[in-house]
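Colleague: Below is one structure. I have some questions about it.
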Number of protein chains: 2
Amino acid sequence: MEQVKVVLQDREIPKKWYNIMADLPTPMKPPLHPGTGQPVTPNDLAAIFPMNIIEHETSNKRWIKIPDEVLQKYLLWRPSPLYRAYNFEKLLNCPVKIYYKNEGVSPAGSHKPNAAIPMAYYNKVAGTKRITTETGAGQWGSALSMACQMFGLICRVYMVKISYEQKPYRRMMMNTWGAECIPSPSNLTQAGRNVLAEHPDSPGSLGIAISEAIEDCVTSKDTKYSLGSVLNHVLLYQSIIGLEAQKQMQKLGIYPDVVMGCCGGGSNFAGIASPFVCDKIHGKDVKIVGAEPSSCPSMTKGPFAYDFGDLAKTTPLLPMYTLGHDYVPAPIHAGGLRYHGMAPIVSHMVREKLVEPRAYDQLKTFDAGVKWARSEGFIPAPETNHVLAAVVDEAMRAKEEGKEKVILFNWSGHGLVDLAAYDAYLAGKLQAYELPDHEVERALNAIKDFPKP
Amino acid sequence: MEQVKVVLQDREIPKKWYNIMADLPTPMKPPLHPGTGQPVTPNDLAAIFPMNIIEHETSNKRWIKIPDEVLQKYLLWRPSPLYRAYNFEKLLNCPVKIYYKNEGVSPAGSHKPNAAIPMAYYNKVAGTKRITTETGAGQWGSALSMACQMFGLICRVYMVKISYEQKPYRRMMMNTWGAECIPSPSNLTQAGRNVLAEHPDSPGSLGIAISEAIEDCVTSKDTKYSLGSVLNHVLLYQSIIGLEAQKQMQKLGIYPDVVMGCCGGGSNFAGIASPFVCDKIHGKDVKIVGAEPSSCPSMTKGPFAYDFGDLAKTTPLLPMYTLGHDYVPAPIHAGGLRYHGMAPIVSHMVREKLVEPRAYDQLKTFDAGVKWARSEGFIPAPETNHVLAAVVDEAMRAKEEGKEKVILFNWSGHGLVDLAAYDAYLAGKLQAYELPDHEVERALNAIKDFPKP
């Protein structure tokens, strides 16, 4: 009988988040106020975020204490188990040892509650009564719904209408946790009404949903807004994944050669990677790989530029790899990776060659995902299938090179609410998508009038 | 920060199953061959089960070694965590400490793989190439699909047609794990064709699906049949739940006053309960409560009688509490509890007053389930909601009695694939169902010509 998992006791949970900002070898460009072109100030953000979260967004402190109230909720599923994927290794038959962090054990089934819990908590402390947010496929919306319920906050989620209709289970999760889920565009906001007036049948987009959530926030009493990825504070809260993984690998006496995650906005990837990036900055020989969809390849094909986080241009200008704020990604099933930009921190790490991005096509990712489900049991989320494709790729490279490697990756969530995607894949109905060249032209055009980072 | 979970390391997993047959204070009645009226022999069962499983079905040995190959697969999710439900306790505000075993952490999301893994393994060892089974809501079918895939067996699941259509996600799980899922009645068997000839629109039933799976088994090469509950060997394999729970409670230095589970065929309930029933037999003061649906109250309203396990009368006659093999339970959402009978072992324990049965209505169970999801986070399966209703009930009794109590129960699975049931409940569309008196008359009539136990 071989040991499959390293589980930590509750008392071993990390008590601090790790902030990679403290260790970046070169400073990041600041986000800019689109009106003035000047770096945004905490006050610029105060209309939508409480000040305690803004402090984290702008902090350079290396370690930030996790409040007891947050730890207490984390313990509902954390520390998450670290697994050795023996069965998948056997299937691949390559000279690799594969370890993974199972973030699918949370009540929402993904890593998203790692950030939702502290956000709800800090809002509660700051006197917020109600939170608005947007969601694409629904992972973030469901996680925040649960967190708000746990801290007694009202929660309204604007969900991209086509996902609202195609993925009813995530809407039902939000309702079960007591939140309101509104298909976007809606007639509850001016932004939504404008879209509906012009396109009554609009399927919605993350851009429109963000605009609705922010408008609802700034026009309502005691209401703040939450974003589930991209921003520094979100990546900070997710660092608990990597911190736990380091403890667990230490217990095995093993250090990984490669650390991998899938990348949409960047939060689960930075969550597992940032403590290892810190080691790399301090001289450790470790490769860090981010896997993105070839249909939405911001890091591998987009320019590094100042761009808006949303279509409606309501966010600050962020320095990041971007396919342009007006990009409409292909309808792949990994809804959580359909974002035009990449977290500024992750973008910076790619620029600094600390992180190596790779793009994988949807068909390759589902091939890896089905192989995984049939060997390891757990059915991965379509997003997670992207890192699995990268793991397969890395294992094959190890075989070609004749080198033994230890791979660690973040298994960001399960796919039990995304089974229709597997059904389509098994029926041969999924398509491969590559970004056409003209989309790169469009991206360059979208950002051409903005300041250059 | 308070400890929420007791997690065991892989090496602490129990290495033997516990067989309550060795400790029952009075002997159980044997299953009978319906043709001869005589106790069934191992050979009578050899057409549908391999001999190594038949040995377990008829064994009186107290401890049975778990093979290494089974332990290795168990380790994918076992030992499962034992939780203290602080948030639910706070909500109830009663003098109770509530501990629960989280069986929702398995890849299939329920306790079912505990039995599916050894069944696939023992069949593999015995030379079986292919397994047939039936499934209602799909929990058993999905668990067996995964287990067969892991041991390289072909798997065909006959799924009750109305569930096949209403719960497409579980069918998709089976397909993702490589199994074939056939809506029953089908035209692949004579039993199915007979039903279709008479009722082309038949929604199917567990009874018909069992007949199809057994016919397929006995008419196919190298094929055996598997059943996911009721029988002795299934309950044996599930004993790992209670054995782990005992280790975990010992680590806390606490012994429960009450042990609870929900009851359909009886496997998850016996799984958590049997090691505690053993203690009770040997003098320990512990109350053991089984929660069943008021729409399908075999233990609380059915006669104890010899009856068939299926509508088509293909099984041996089993001594059990039964609502009659021809009973069609109301369409409650806890599909896993819609079974006319109760495991002979559990029925015997009820007869011996070792187990106290209670029945709960669907609306009460969903009320408890939503309260649970909103405090503890994890969304329970509709089946699991029945034990939650019993926990609420027990907590209220403790308050009335002014007595402190420690409750331990089995959280048999999550409800992420059953969210449509929550949706219906929250929309006020669920109904309460109580068994009408004439159904008890019908039950008595159904069994009147069979031998009396």
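The values are calculated or read from the model by the stated rules, or taken from the named source; none is laboratory data. Worth saying up front: this structure is predicted, and the values here are computed from it rather than measured. Ideal geometry is used to build each Cβ from the backbone, glycine not excepted, and the neighbour counts take in all protein chains shown.
Colleague: Output the helices (runs of 4 or more DSSP H) that fall wholly within the stretch A:369-453 and possess 2 or more residues being of a type in the set (Lys, Arg) and over 18 Å from the mean Cα position of the chain (by Cα), or say none. Talk me through it step by step, then tell me what you get.
Modeller: Numbers: elements: A:384-401, A:419-426, A:437-446.
Counting at least 2 such residues, we get A:384-401.
Colleague: Let me ask you something else. Say whether the condition of being in a strand (DSSP E or B) and within 14 Å of B:Pro357 (Cα to Cα) is met by at least one residue in the stretch B:335-346.
Modeller: Going through the stretch B:335-346, the residues in a strand (DSSP E or B) turn out to be B:341.
Remaining after also requiring within 14 Å of B:Pro357 (Cα to Cα): B:341.
Yes, that holds for at least one residue.
Colleague: Considering only residues that are of a type in the set (A, V, I, L, M) and more than 14 Å from A:Pro331 (Cβ to Cβ), look in the stretch A:416-434 and name the one that is surrounded by the most Cβ atoms within 10 Å (Cβ to Cβ). Show your work before the answer.
Modeller: First, pick out the residues of the stretch A:416-434 that are of a type in the set (A, V, I, L, M): A:416-417, A:419-421, A:424, A:426-427, A:430, A:432.
From what's left, more than 14 Å from A:Pro331 (Cβ to Cβ): A:416-417, A:419, A:426-427.
Working: A:Leu416: 24, A:Val417: 26, A:Leu419: 20, A:Leu426: 15, A:Ala427: 9.
Selected residue: A:Val417.
Colleague: Let me ask something else. What number of residues in the stretch A:375-407 are buried (at least 19 other Cβ atoms within 10 Å of the Cβ) and within 26 Å of B:Pro113 (Cβ to Cβ)?
Modeller: 14
Colleague: Given the conditions (1) at pLDDT 95 or above; (2) of a type in the set (Val, Ile, Thr); (3) surrounded by fewer than 24 Cβ atoms within 10 Å (Cβ to Cβ), and given that B:Ile117 satisfies all but one, which numbered condition is not satisfied?
Modeller: So the condition that B:Ile117 fails would be (3).
Colleague: How many of the residues making up the stretch B:59-75 are touching a helix residue (DSSP H, G or I) at 6+ places or on another chain (Cβ under 7 Å) and either free of Cβ contacts under 8 Å to residues at least 12 places away in the same chain or not hydroxyl-bearing (Ser, Thr, Tyr) (or both)?
Modeller: Summing the residues that are touching a helix residue (DSSP H, G or I) at 6+ places or on another chain (Cβ under 7 Å) and either free of Cβ contacts under 8 Å to residues at least 12 places away in the same chain or not hydroxyl-bearing (Ser, Thr, Tyr) (or both) in the stretch B:59-75 gives 9.
Colleague: Condition first: surrounded by 24 or more Cβ atoms within 10 Å (Cβ to Cβ), within 14 Å of chain A (Cβ to nearest Cβ) and touching a residue at least 40 places away in the same chain (Cβ under 8 Å). Can you find one or more residues in the stretch B:309-318 that meet it?
Modeller: No, the conditions are met nowhere in the stretch B:309-318.
Colleague: Specify which of the listed residues (B:Gly138, B:Gly204) is at positive phi, within 14 Å of chain A (Cβ to nearest Cβ) and touching a residue at least 24 places away in the same chain (Cβ under 8 Å).
Modeller: Numbers: B:Gly204 fails: within 14 Å of chain A (Cβ to nearest Cβ).
Sole residue among the options that is at positive phi, within 14 Å of chain A (Cβ to nearest Cβ) and touching a residue at least 24 places away in the same chain (Cβ under 8 Å): B:Gly138.
Colleague: On to the next question. Which count do you get for residues in the stretch A:270-294 that are of a type in the set (S, T, N, Q) and either closer than 25 Å to A:Trp63 by Cα or modelled with pLDDT under 95 (or both)? If you could, list the steps in order and put the result at the bottom.
Modeller: Residues of the stretch A:270-294 that are of a type in the set (S, T, N, Q), as a first pass: A:274, A:294.
Filter once more, so that each one left must be either closer than 25 Å to A:Trp63 by Cα or modelled with pLDDT under 95 (or both): A:274.
Residues that pass the stated criteria total 1.
Colleague: Now a separate question. Specify the residue that is farthest from A:Pro319 (Cα to Cα); the eligible residues are those in the stretch A:235-289 that are charged (D, E, K, R) and not in a loop (DSSP other than H, G, I, E, B). Before the answer, list the steps.
Modeller: First, the residues of the stretch A:235-289 that are charged (D, E, K, R): A:244, A:247, A:251, A:257, A:279-280, A:284-285, A:287.
Next, only the ones that are not in a loop (DSSP other than H, G, I, E, B) stay: A:244, A:247, A:251, A:279-280, A:287.
Numbers: A:Glu244: 29, A:Lys247: 32, A:Lys251: 38, A:Asp279: 24, A:Lys280: 23, A:Lys287: 24 Å.
So the residue we want is A:Lys251.
Colleague: Now, a different point. For A:Glu356, only one of the following conditions fails: (1) among the acidic types (Asp, Glu); (2) more than 25 Å from A:Leu252 (Cα to Cα); (3) within 14 Å of another protein chain (Cβ to nearest Cβ). What is its number?
Modeller: All conditions pass for A:Glu356, except number (3).
Colleague: Please state which of the following conditions A:Ser267 fails to meet, knowing it meets all the rest: (1) modelled with pLDDT of 95 or more; (2) in contact with a strand residue (DSSP E or B) (Cβ under 8 Å, 6 or more places away or on another chain); (3) among the hydroxyl-bearing types (Ser, Thr, Tyr).
Modeller: A:Ser267 satisfies every listed condition except (2).
Colleague: Okay, moving on. As an exercise: evaluate A:Gln248 against (1) surrounded by fewer than 20 Cβ atoms within 10 Å (Cβ to Cβ); (2) assigned by TED's automatic domain parsing to the domain that holds A:Cys296; (3) of a type outside the set (D, E, K, R) and give the number of the one condition it does not meet.
Modeller: Answer for A:Gln248: the failing condition is (1).
Colleague: Any residue at all in the stretch A:338-353 that is surrounded by fewer than 20 Cβ atoms within 10 Å (Cβ to Cβ), in contact with a Phe, Trp or Tyr (Cβ under 8 Å, 6 or more places away or on another chain) and not small (Gly, Ala, Ser)?
Modeller: yes
Colleague: Just checking, which of B:Ala179, B:Ala191 is buried (at least 20 other Cβ atoms within 10 Å of the Cβ) and within 14 Å of another protein chain (Cβ to nearest Cβ)? So that I can check it myself, show each step before the final result.
Modeller: Numbers: B:Ala191 fails: within 14 Å of another protein chain (Cβ to nearest Cβ).
That would be B:Ala179, the only listed residue that is buried (at least 20 other Cβ atoms within 10 Å of the Cβ) and within 14 Å of another protein chain (Cβ to nearest Cβ).
Colleague: Picking from B:Met159, B:Met172, which residue would you name as being facing chain A (nearest Cβ under 10 Å) and crowded, with 18+ Cβ neighbours inside 10 Å? Can you show your working first?
Modeller: Values: B:Met159 fails: facing chain A (nearest Cβ under 10 Å).
Selected residue: B:Met172, the only one of B:Met159, B:Met172 that is facing chain A (nearest Cβ under 10 Å) and crowded, with 18+ Cβ neighbours inside 10 Å.
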